There are 2 protein chains.
Amino acid sequence: MYEGSGLRARKKRDAMHRIQDTALDLFEERGYDAVTIEEVANAAAFAPRTLYRYFGTKEMLVIWDEHDESAMEPIRRRLVSLDPIDAIRQVLHASFEAMTERELAQLERRLKLIYANPAIEAALTLHADALARHLVGVISSSQDDDLEAHVQVNALVGGILGAMRHWSLSGASTPVMVSIDRALAVLERGVGRSSAHLRANTGNPPASTSAGKGKDHVR
Amino acid sequence: MYEGSGLRARKKRDAMHRIQDTALDLFEERGYDAVTIEEVANAAAFAPRTLYRYFGTKEMLVIWDEHDESAMEPIRRRLVSLDPIDAIRQVLHASFEAMTERELAQLERRLKLIYANPAIEAALTLHADALARHLVGVISSSQDDDLEAHVQVNALVGGILGAMRHWSLSGASTPVMVSIDRALAVLERGVGRSSAHLRANTGNPPASTSAGKGKDHVR
DNA sequence: CAGCCTAAAGGCAGTCACTGCCACAAAGAT
DNA sequence: ATCTTTGTGGCAGTGACTGCCTTTAGGCTG
């Protein structure tokens, strides 16, 4: 596993960018589902087998981000002294500021495709979930309560994804980071409390017994 | 689309239960990945095509819960007057109390399989996510802030899933509902604040510029 | 610079989840 | 009993993904 430099590494990264660009073109043009991996491979002049080696799955052609891999370390570093929300916020802010115009445009392109396509959005959720699991490992090893770490990180990741979806559904007009910032604020305040619509009952039990019929288990 | 009664409906539900039981047996015995849909179908004496019609996907053979479908209404009803956390908590409590011994055992069986198998866990995440989207629709139509609804519901669902995973990873010894209750408490308190490890900095900016290299975008 | 070695790319064949289509059977209405 | 409707079974196909093996090319050594 090589890393940053080396001709091989550069060649691979270049290839991945070319392939992703090609894929985004085709997906935008004809729809994600209507394009097969083989077509992308042909258009990008690579063997299908190679696409699979690079990206693993079809969805990753859209989801993949060059900088994702290197983002874990900074987060991990900050988690030692900061709570999860602040850690994520700082790293995200730094990332967005470091992005070029071209990268930002590419990101929006990808996000639009993601949220226009349930299959890709699903894959993104999974991807984020894997990241969450990673973070849980970091936190709970240096802290007391395991369950609390699980819940906090999962809620955090879920909340951010929710913000991104909302951003996408509402036209993607403002910068994504604004939505994410607002999401983080909501999470800090606590899920129960809404800004408007304030109420005082935080724990009265009853309501219908007639609804006893409506069971649910976990999901 | 029929509902509760009618002989056809009963027959279908019975068949689904039989098929799910068969599937769980096989999956536990030989591992989820090593069992094909066709084998499940044969063992349960149904056509593969029928399994797909009933369950849609292989993962749903494990995830499916008879009562899931009827659970949305009670939640929706409570969301009018309660905040999301209280609504979910009440419905979940009611559901668990209404469960028979046999149903509870089956639930644990399913959960063990789910969390022993990344593919199924992924599908569960997606399933939960779809439910979250539903809830967002209910809330944001009767409330002011769209984004807040997205974030809250997503965080809520994410947090519950986190609790369940933790419960599973830590041996599944206590009742699931206990873990979920604790998760809900964490969410109410706000993601930033941990119970122990209290700190006072909720918004100081800096830290490394050296970490500017570590970018990340969104996912 | 030649030649070796290791790692990556291409090609092939196969598996399996999932789908559309059509013929058939059984539930429910007349 | 007959008609209609709705669900079921079988068939053939698609396409994502994998293991395996061959070939190519980077990267290092003398």
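The values are calculated or read from the model by the stated rules, or taken from the named source; none is laboratory data. Since the model is a prediction, treat every value here as computed from it, not as a measurement. Cβ sites come from the backbone with ideal geometry, for glycine too, and all protein chains shown count toward neighbours.
Within the stretch B:18-33, the set of residues being away from DNA strand D (no atom under 13 Å from the Cβ) and either basic (Lys, Arg) or away from every other protein chain (no Cβ under 14 Å) (or both) comprises B:21, B:22, B:23, B:24, B:25, B:26, B:27, B:28, B:29, B:30, B:31, B:32.
Checked against the criterion of being modelled with pLDDT under 95, closer than 17 Å to residue B:107 by Cβ and of a type outside the set (Val, Ile, Thr), the candidates B:59, B:73, B:66 yield just one match: B:66. For the criterion of being more than 13 Å from DNA strand D (Cβ to nearest atom) and more than 11 Å from every other protein chain (Cβ to nearest Cβ), residue A:92 fails.
State the number of residues belonging to the stretch B:22-56 that are more than 10 Å from DNA strand C (Cβ to nearest atom), exposed (fewer than 13 other Cβ atoms within 10 Å of the Cβ) and touching a residue at least 60 places away in the same chain (Cβ under 8 Å). Result for the stretch B:22-56: 0.
Just for helices (runs of 4 or more DSSP H) wholly inside the stretch B:114-219: which have at least 3 residues that are touching a Gly at 6+ places or on another chain (Cβ under 7 Å) and either crowded, with 16+ Cβ neighbours inside 10 Å or at pLDDT 85 or above (or both)? Spell out the reasoning first.
Numbers: elements: B:118-141, B:146-169, B:176-189.
Hits in the stretch B:114-219: B:146-169, B:176-189.
Scanning the stretch A:160-171 finds one or more residues that are in contact (Cβ under 8 Å) with a residue 40 or more places away in the chain and facing chain B (nearest Cβ under 7 Å).
Condition test on residue B:94, is it away from DNA strand C (no atom under 12 Å from the Cβ), at pLDDT 95 or above and loosely packed, with under 13 Cβ neighbours inside 10 Å?
Numbers: away from DNA strand C (no atom under 12 Å from the Cβ): yes; at pLDDT 95 or above: yes; loosely packed, with under 13 Cβ neighbours inside 10 Å: no.
In short, no.
Only residues that are under 17 Å from residue B:180 (Cβ atoms) and acidic (Asp, Glu): list them for the stretch B:63-113, please. Correct list: B:65, B:68, B:83, B:86, B:97, B:103, B:108. Considering the stretch B:59-77, and only residues there that are free of Cβ contacts under 8 Å to residues at least 40 places away in the same chain and under 19 Å from the mean Cα position of the chain (by Cα), the residue that is farthest from DNA strand D (Cβ to nearest atom) turns out to be B:74.
Of B:86, B:68, which residue is buried (at least 20 other Cβ atoms within 10 Å of the Cβ), more than 16 Å from DNA strand C (Cβ to nearest atom) and on the phi < 0 side of the Ramachandran plot? Quick ask: steps written out before the conclusion?
Details: B:68 fails: buried (at least 20 other Cβ atoms within 10 Å of the Cβ).
When all the criteria are applied, what remains is B:86.
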